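Chemist: Have a look at the structure that comes next, please.
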Amino acid sequence: WGKTVDNVHEMDVVLSDGQTTRFSQLDGSALETRMRTSGLEGDIYRKLFEIGDANRDEILARYPKIQRRVSGYNLDEFVGGSDFNMARFVVGSEGTLVTITEAKLKLVARPKFTALGVLHCNELMEAMEATVAVLEMNPSAVELIGSMILRQAKSNLAYSR
């Protein structure tokens, strides 16, 4: 299934000035055209290109290459190659960059069979070690819910019933 960033094709968005636009895959010439656009959209592309150009080596060297990086600004999406998709950049920004009004996503076929396994561990290290063993079974997803999240959920009236 993967992360949202791996499955988003394009987005219709509203920028902070109220302008609407579509973020989708752009090749080099289309990106240059967007960068020449006046207004906030052009400013965004120009500034991102400037940030990416000035910090390319640092971004590529230091951005975490982990499977579960799901929030934050995906700057590495902007410096990784010649094509660019702004939709992939804003995934994970949690609404701080744009308001998404529509998204085109890659759909994944529903598995023919499903099952759920729940493991209870008393310590975080025990859970992490169990995860290694679980991954050998090639699951479609693994989620770790720590004690802090469980305590917070219990303190929320909506979840405490």
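Chemist: So which of Lys3/Lys104; Lys3/Lys106; Lys3/Lys112 end up more than 18 Å apart, counting from Cα to Cα?
Modeler: Lys3/Lys112
Chemist: Let a ≥ b ≥ c be the square roots of the eigenvalues of the Cα gyration tensor of the range 113-161; is it rounded (a/c under 1.5), or, if not, prolate (a/b larger than b/c) or oblate?
Modeler: In terms of gyration-tensor shape, oblate.
Chemist: Let me ask something else about it. Do the sum for the chain: with -39,500 (n - 2.57) for every DSSP H run of n ≥ 4, divided by all residues, what is the mean residue ellipticity at 222 nm, to the nearest 500 deg cm²/dmol?
Modeler: -11000 deg cm²/dmol
Chemist: Taking the chain as a Gaussian network, Cα atoms linked when under 10 Å apart, which of Arg88, Arg110, Arg46 shows the biggest mean-square fluctuation?
Modeler: Arg110
Chemist: Please give, to one decimal in nm, the separation of the simple spin-label points placed at Val142 and Leu40, each 7 Å out from Cα toward the Cβ.
Modeler: Inter-label distance under the simple model: 4.2 nm.
Chemist: Sticking with this one: Below 8 Å between Cα atoms, with a sequence gap of 6+, how large is the relative contact order for the chain in percent?
Modeler: Relative contact order of the chain: 29 percent.
Chemist: A further question follows. Which entry in (1) 9, 24, 22, 24, 17, 4, 0; (2) 9, 29, 19, 8, 6, 10, 10, 6, 2, 0; (3) 8, 28, 29, 21, 12, 1 is this structure's computed P(r) over Cα pairs in 10 Å bins from 0, in percent?
Modeler: Step by step, P(r) over Cα pairs in 10 Å bins from 0, in percent for this structure corresponds to label (3).
Chemist: Compare Glu77, Glu41, Glu50 in a GNM of the chain, Cα atoms joined below 10 Å, and give the one with the largest fluctuation.
Modeler: Glu50
Read-outs: derived from the displayed coordinates by stated rules, not from any lab. Here the structure is a predicted model, which is why all the values come from computation and not from measurement. Note that we place each Cβ from the backbone using ideal geometry, even for glycine, and neighbour counts take in every protein chain shown.
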